[in-house]
Amino acid sequence: MFQAFRNFIAELGDGGKDPNRYDESDYRLAAAALLVHTAAIDGGISDVERVRLHGVIKQRFNLDDASADELIAKATVADENAVDLYRFTSKLNRALDHQARARLVEMMWQVVYADGTVTEFEDNLVWRAADLLSVSREERIALRARVAASAVAGTQGKI
């Protein structure tokens, strides 16, 4: 009974969206597409980046493995068809408050630091996305430092 109540509250919190349906208007698809783009920007998605991407999406959107895989697959297609970041960031700006947009930037850093290296492409991508999401330079730097410290401390696996 308590689980049914939790599910009802969760549905209210995300507008009643079916967690297994990701249409073009779903902010989760836009967020996941940004994360997929982040993982792939340096030439491909490594196994460690793929695992991290899956973990971040699964945890953040409270999905099971199959739903997270489905969202990543749809996000990959959306990313491949996108011309620019604005397609995703404009949806996220309409759907999310400032704190949630900052959390997305933090998630991008988590994907970047998954393989232990930060390329100039990754750094530039997060900078551009943060700017489009109205996350300040100071916040972006602080989020990066926090994720980097977690990666160095070996707690990167914990979301």
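The values are calculated or read from the model by the stated rules, or taken from the named source; none is laboratory data. Computed from a predicted model, the values in this text were never measured in an experiment. Cβ sites come from the backbone with ideal geometry, for glycine too, and all protein chains shown count toward neighbours. For the accessible areas, the whole protein counts, side chains as well, though only heavy atoms, and no ligand, DNA or RNA atoms are used. Shrake-Rupley method; radii C 1.70, N 1.55, O 1.52, S 1.80 Å.
Give all pairs with beta carbons closer than 6 Å in which a residue from the stretch 45-67 that is small (Gly, Ala, Ser) meets a residue that is open to solvent by less than 70 Å² (accessible area, probe 1.4 Å) and part of a helix (DSSP H, G or I); count only pairs at least 6 apart in sequence or on separate chains.
Once the first residue is small (Gly, Ala, Ser) and sits in the stretch 45-67, its partners that are open to solvent by less than 70 Å² (accessible area, probe 1.4 Å) and part of a helix (DSSP H, G or I) give 46/115.
Find all pairs meeting these conditions: Cβ atoms under 7 angstrom apart; at least six residues apart or on different chains; first residue within the stretch 123-142 and within 13 Å of residue 37 (Cβ to Cβ) and of a type in the set (A, V, I, L, M); second residue outside any helix (DSSP H, G or I) and open to solvent by 40 Å² or more (accessible area, probe 1.4 Å).
So the pair list comes out as 125/41.
Of everything in the stretch 96-106 that's in a helix (DSSP H, G or I) and free of Cβ contacts under 8 Å to residues at least 24 places away in the same chain, which residue is most open to solvent (accessible area, probe 1.4 Å)?
Here the residue is 99.
I'm trying to understand the selection: among the residues of the stretch 112-143, which are charged (D, E, K, R) and open to solvent by 70 Å² or more (accessible area, probe 1.4 Å)?
120, 128, 131, 137, 138
Could you grab me the full set of residues in the stretch 104-133 that are farther than 21 Å from residue 58 by Cβ and of a type in the set (S, T, N, Q)?
117, 119, 124
Take residue 150 and tell me if it is more than 14 Å from residue 34 (Cβ to Cβ), outside any helix (DSSP H, G or I) and not aromatic (Phe, Trp, Tyr).
Here the answer is no, as residue 150 does not meet what is asked.
Being open to solvent by 70 Å² or more (accessible area, probe 1.4 Å), at pLDDT 95 or above, within 14 Å of residue 37 (Cα to Cα) and aromatic (Phe, Trp, Tyr) is the requirement here; does residue 109 meet it?
no
Look through the stretch 27-70, keep the residues that are outside any helix (DSSP H, G or I) and closer than 16 Å to residue 103 by Cα, and return whichever of them is most open to solvent (accessible area, probe 1.4 Å).
62
Looking only at residues in the stretch 1-49 that are more than 19 Å from residue 132 (Cβ to Cβ) and among the basic types (Lys, Arg), which one is modelled with the highest pLDDT?
Only one residue tops the list, namely 21.
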